[in-house]
Amino acid sequence: MYLLRIAARNLFRRKKRTFIIASIMTLAVISFLLLESMMIAMMDMSFGNVIDFETPHIEIGRGEYFAEAEAGEILPLDETFSPDRELHQEIESLEGYTAKTGIIAFSGDFIAGRHEFPVQVRAVDPGTFSDVFRNEAFIVEGSFLEPGDEGVIIGAKLAEFFGLESGDFYTIRFRDADGSFNTIQGEVQGIVSTPHPDVNLRTVLVDKEYALSPLGIHEGEITQLMVRMENRELAVSQAEALRNALGTDELEVRSYRDAAQYIVSLETWGYIETYFILALILLVGAIGIISAVVLSAIERIKEIGMMKALGLKEGQIVRVFLFEAGGIGAIGAFIGCVIGAGLNFLFVTRGLPLGAFVDFSEIGIPLEETLYGAWNLSSFFVIFFVVLGISLAASIIPAYWAARKDPVTAIRHT
Amino acid sequence: MSLLTMEGVKKTYGKGQVEVHALRGVDLHIKQGEFTTIFGPSGSGKTTLLNLIGALDTPSEGNILFQGNHIGRMSRNEQALHRREHIGFIFQSYNLIPVLTAYENVEFSLKFSGKKLNHDLKKRVVHILEHVGLGEMMHRRPNELSGGQNQRVAVARALVKEPDLVLADEPTANLDTDTSKEVLEIMVRMNSELNTTFIFSTHDPMVMEYAKRLLEIRDGNISHDEMRE
């Protein structure tokens, strides 16, 4: 108790020093909390948009189809499959299963007037599509597809690019399953403006029933079977369970994370960057703590000598310095948590207009223009104890250096 | 039985050509309750002798026995325990802990003497501070007290744990004559009331006047040992 009291009073005795070093720790905590909040928010939004508009929790297709798609080649229409009854039963028996829909995704050129633009066309079943994807909820003009419709649903950015409105004519040129050029034509039936910038620009939806014949694909064949689950947490484990249950190399089962490797990489690099920044600031803080303990020991060398003369063991003197270093860390971390919470509250409620600086559709990241922060209470505890731990660890060697001073020299020190 | 026995104690600092022989073979017996003053010129070895007696330093040769225990053979932690249980120190520059009040400085010493702080011991802290004339100022910090008052706190701190031996290194060097007298009288009173053994090192003739035993040290040897009434 006395050692703690001495440590606490010494912290306030050297207010300026305590304040400067604690401020570095505060800066580290605030930076970490805001970067972490931004990372969580970006990943939540990115994965959420991928699941809602691109690849839901689980997708099943031929391995070759995915391989060619990832290689950047045009989406191959000769890599289709017909889901059998057993596959449907296995999917429906998955824990957290909600809905499924089959699609035929292929590459094409969207043509209107004299202009054309490369897009991904998804021939979908309007009866089940909206059970899995949320595009329908974001119709801003016209209406969504009905079975047998010859129209298309295009994104707001694509419509803007071509100056199209619902009812205008379009043509999509593509290579069919035999590799021959073919087209489908009709009217723009609806325009969607989703939170996924890439979907707004590059994805076109067409009724599967209408597209089957020009695509040269037989009834019942699809490129992907898309499955929606109750939540994201179940997706990876249930994809694994389905993979094991099917036990075939012919079909590949992927979770949304497998399908969105670019976001997973982004997440990894984002965290590496966050921890790197944190490590740099904490390193500066740790050096500050070391110098503070050394300076404190030099200034109080007679006090150390007296404590030794009074019979305090080296371990007890070490504790005084550890308490002081821990106190600086705790003050810095606590203030950082308080300020970090305040700034994060603003971030969560008001958001950050990232769109003003970056056009995410250009770099293919599924983010909206305004990014809203996220709360992760465990981060507050983790960063508090990390800063406290680093402060204590940084002070151990200088504290022992101080405690091992020869009492005779220390007492006579002038 | 002697409280303290020193047999052929030598202390040498440095090595080779820069060797300094601070003590050259001291034999000494101190009994419980003695009020002894060590005097001698600067560099004669007074402080070295006090450091060895107080287990702050270890001898290069010879034995130091405190109540029959070899303090020169103790580990650093054992020496620390020995100091906190048996020795009280008073230094020329007080060496109080600046962030603690007078009361806390005294209680701190008691707290780390291995005794459990109970109501009686807290009363003892107050009592001893009153005894040294600081009853009204016990909640002031060292920077709010005069030099003499600080030295009184140091005396109270050394005595509160009722040690077997109090070592005082030039305790009056920074004090004026009147304050020196007051502090010395407190120590004389403690010596007679509690039978606490005191060993002083000093240049101050006034301190010598109070001593019951005078030890003169020259060139690392005790050159004169005189018992007084």
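The values are calculated or read from the model by the stated rules, or taken from the named source; none is laboratory data. Treat the numbers as computed from the prediction; the structure is a model and nothing was measured. Glycine also receives a Cβ, built like all others from the backbone with ideal geometry; neighbour counts cover every protein chain displayed. All accessible areas refer to the heavy atoms of the entire protein, side chains included, with ligands and DNA or RNA removed. Shrake-Rupley method; radii C 1.70, N 1.55, O 1.52, S 1.80 Å.
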- [ ] Please give the number of the condition residue A:312 fails out of (1) farther than 30 Å from residue B:76 by Cα; (2) within 14 Å of chain B (Cβ to nearest Cβ).
- [x] (1)
- [ ] For the range A:10-38, name all the residues that are under 10 Å from residue A:340 (Cα atoms) and open to solvent by 20 Å² or more (accessible area, probe 1.4 Å).
- [x] A:27, A:30, A:31, A:34
Task: Failed item in (1) β-branched (Val, Ile, Thr); (2) closer than 16 Å to residue A:317 by Cβ; (3) more than 9 Å from chain A (Cβ to nearest Cβ), with residue B:90 passing the rest - done: (2)
- [ ] Filter the range B:209-229 for residues that are of a type in the set (Lys, Arg), modelled with pLDDT of 90 or more and either assigned to a strand (DSSP E or B) or loosely packed, with under 14 Cβ neighbours inside 10 Å (or both) and give the result.
- [x] B:213, B:218
- [ ] Could you please give the count of residues in the range A:2-29 that are farther than 26 Å from residue A:312 by Cα and either of a type in the set (Gly, Ala, Ser) or in contact (Cβ under 8 Å) with a residue 60 or more places away in the chain (or both)?
- [x] 11
Task: Qualifying positions in the range A:63-87 - more than 25 Å from the chain's Cα centre (by Cα) and open to solvent by less than 60 Å² (accessible area, probe 1.4 Å) - done: A:63, A:65, A:68, A:75, A:76, A:77, A:79, A:80, A:81, A:83, A:87
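Quick grid of which residues meet (1) surrounded by fewer than 21 Cβ atoms within 10 Å (Cβ to Cβ); (2) in contact (Cβ under 8 Å) with a residue 24 or more places away in the chain; (3) within 14 Å of chain B (Cβ to nearest Cβ):
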{"residue": "A:270", "(1), (2), (3)": "yes, yes, no"}
{"residue": "A:289", "(1), (2), (3)": "no, yes, no"}
{"residue": "A:316", "(1), (2), (3)": "yes, yes, yes"}
{"residue": "A:356", "(1), (2), (3)": "yes, no, no"}
TODO: Scan the range B:101-112 for residues that are hydroxyl-bearing (Ser, Thr, Tyr) and within 7 Å of chain A (Cβ to nearest Cβ) and report the count.
DONE: 1
Open item on the list: Given the criterion more than 8 Å from chain A (Cβ to nearest Cβ) and either free of Cβ contacts under 8 Å to residues at least 60 places away in the same chain or outside any helix (DSSP H, G or I) (or both), identify the matching residue among B:41, B:98.
Closed with: B:41
Open item on the list: If the requirement is being part of a helix (DSSP H, G or I), at pLDDT 90 or above and open to solvent by less than 70 Å² (accessible area, probe 1.4 Å), which of these qualifies: B:65, B:52?
Closed with: B:52
Open item on the list: I'd like the residue in the range A:142-167 that is assigned to a helix (DSSP H, G or I), touching a residue at least 40 places away in the same chain (Cβ under 8 Å) and not aliphatic (A, V, I, L, M) and, out of all such residues, is nearest to residue A:198 (Cα to Cα).
Closed with: A:157
TODO: Filter the range A:191-224 down to the residues that are surrounded by 22 or more Cβ atoms within 10 Å (Cβ to Cβ) and free of Cβ contacts under 8 Å to residues at least 60 places away in the same chain, then identify the one that is nearest to the chain's Cα centre (by Cα).
DONE: A:192
Open item on the list: Looking at residue A:283 and the list (1) open to solvent by 70 Å² or more (accessible area, probe 1.4 Å); (2) touching a residue at least 40 places away in the same chain (Cβ under 8 Å); (3) more than 30 Å from residue A:235 (Cβ to Cβ), which single condition is not satisfied?
Closed with: (2)
Open item on the list: Tell me whether the range B:116-124 contains one or more residues that are more than 14 Å from chain A (Cβ to nearest Cβ), touching a Lys or Arg at 6+ places or on another chain (Cβ under 9 Å) and over 17 Å from residue B:194 (Cβ atoms).
Closed with: no
Task: Boolean, residue B:171 is at the interface with chain A (Cβ under 9 Å from one of its Cβ atoms), out of contact with any Gly (no Cβ under 9 Å at 6 or more places or on another chain) and in contact (Cβ under 8 Å) with a residue 12 or more places away in the chain - done: no
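May I ask you to list the residues in the range B:190-208 that are in contact (Cβ under 8 Å) with a residue 24 or more places away in the chain and either in a helix (DSSP H, G or I) or acidic (Asp, Glu) (or both)?
Of everything in the range B:190-208, those that are in contact (Cβ under 8 Å) with a residue 24 or more places away in the chain and either in a helix (DSSP H, G or I) or acidic (Asp, Glu) (or both) turn out to be B:190, B:191, B:194, B:204, B:206, B:207, B:208.
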TODO: Restrict the check to the range A:381-390 and report whether at least one residue is crowded, with 21+ Cβ neighbours inside 10 Å, assigned to a helix (DSSP H, G or I) and more than 24 Å from the chain's Cα centre (by Cα).
DONE: yes
Task: Complete set of residues in the range B:21-38 that are open to solvent by 40 Å² or more (accessible area, probe 1.4 Å) and either within 14 Å of residue B:64 (Cβ to Cβ) or assigned to a loop (DSSP other than H, G, I, E, B) (or both) - done: B:27, B:29, B:31, B:32
Task: Residues satisfying the stated conditions in the range B:179-207, i.e. touching a strand residue (DSSP E or B) at 6+ places or on another chain (Cβ under 8 Å) and surrounded by fewer than 16 Cβ atoms within 10 Å (Cβ to Cβ) - done: B:188, B:203
